[in-house]
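Chemist: I am attaching a structure below and will ask some questions about it afterwards.
Only the coordinates and a few stated rules stand behind these numbers; no lab work does. In this text, all values refer to a predicted model and were calculated from it rather than measured experimentally. For neighbour counting, all protein chains shown are included, and Cβ atoms are generated from backbone atoms with ideal geometry for every residue, glycine included.
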Ligand SMILES: *Cc1c(COP(=O)(O)O)cnc(C)c1O
Ligand code: SF4
């Protein structure tokens, strides 16, 4: 593994090191089990959402622990194929419009002032609870040959943004927008920034946490714009935050860093996990933004935590942590105009 300090091959290590690391991600269950010194799996699961884990993330898992909180996020389970009432393939009612696998409608405008751009379908890791897991063609993303953004489909993104002058904030999402290489990301941000009515840009990504080598000086440069950039990092467990992430985080001087977390049964559904997570984040100058109630996506029912339990956790965190370290507990329901804060709202 290269470290950023190594002088030889400096240029390449910085420009394509993360891409190479990503292309070497673990995609076979048998290999994952071998690396973790776990018994062989009964069989490779062939679900439509294949195993994909960067080796850096595997390194952060405990050996011989089938309940490791990082492992549980990526491990395909038989429960995934069991139907659960209320859980569907498109819980947010978004993909109906994404015919042909997101060729069209890369820009979603659900909330006033904000437009969400689906930059790519690919992710750097496959999280079993993901509400996008049933997105068409969500497979074989690990082959980072080329990214899905070229001159032609750049206009698919830019035209709706330019034509709607109520859009003040552009949110890059996916998939993981930081899978774009720096050059493409720079071009996209440059074009978005030039739209006069756009005041700020937000980027949602899990990549810097699961593959910290993505954080480079070059990326820092790309994310440093004339308009404010907010970078929302997805992080679910304190064990995800390792030395490499800590060491590289200061490179990202310019964007405001926020975090979001999904509340997951058996992974982070207790205050003794969430408190150290949020404390670690504020100590790295990352402000916890959202704690998400799980989206009711088919195959993820075994991760669900009740809202009642979630509210208890928030109350305990309020007691234990500085106010700004406690994120807003939200859920998203189709047809409702925005994410809804659960805290303070009535639950049934
Ligand atoms: C979550 C989301 C947003 C942004 O919501 P915030 O509450 O501002 O973080 C915007 N558009 C879509 C489609 C979303 O799902
Ligand atoms: S969109 Fe986020 S939660 Fe879903 S698989 Fe990608 S990184 Fe994981």
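Chemist: Using a Förster distance of 56 Å, how high is the FRET efficiency between residue 65 and residue 254, based on the Cβ-Cβ distance and rounded to 0.05?
Modeler: E(calc), rounded to 0.05, equals 0.90.
Chemist: Hey, with R₀ at 30 Å, roughly what FRET efficiency would residue 316 and residue 285 work out to, going by the Cβ-Cβ distance, to 0.05?
Modeler: With R0 = 30 Å, the Cβ-Cβ based efficiency is 0.80.
Chemist: Follow-up. Between residue 84 and residue 199, how many nm apart are label points set 7 Å from Cα along the C-beta direction?
Modeler: So the two model labels end up 3.9 nm from each other.
Chemist: Tell me, how many Å apart are the Cα centres for the range 70-85 and for the range 262-276?
Modeler: Here the answer is 18 Å between Cα centres.
Chemist: I would also like to ask the following. So for the pair residue 31, residue 246, with labels modelled 7 Å out along Cα→Cβ, what separation do we get in nm?
Modeler: Once both label points are built, they end up 2.9 nm from each other.
Chemist: Which order, highest average first, do 180-193, 229-242 follow once you tally other Cβ atoms within 10 Å for each residue and take the mean per peptide?
Modeler: Descending packing order for the listed peptides: 229-242, 180-193.
Chemist: Sorted by mean Cβ packing within 10 Å, highest first, what order do the peptides 157-170, 257-270 take?
Modeler: The packing order, highest mean first, is 257-270, 157-170.
Chemist: Now, a different point. Could you tell me the distance between the Cα centroids of the range 279-330 and the range 149-190, to the nearest Å?
Modeler: One Cα centre to the other: 29 Å.
Chemist: May I ask you to derive the FRET efficiency for residue 166 and residue 332 from their Cβ-Cβ distance with R0 = 22 Å, giving the value to the nearest 0.05?
Modeler: 0.60
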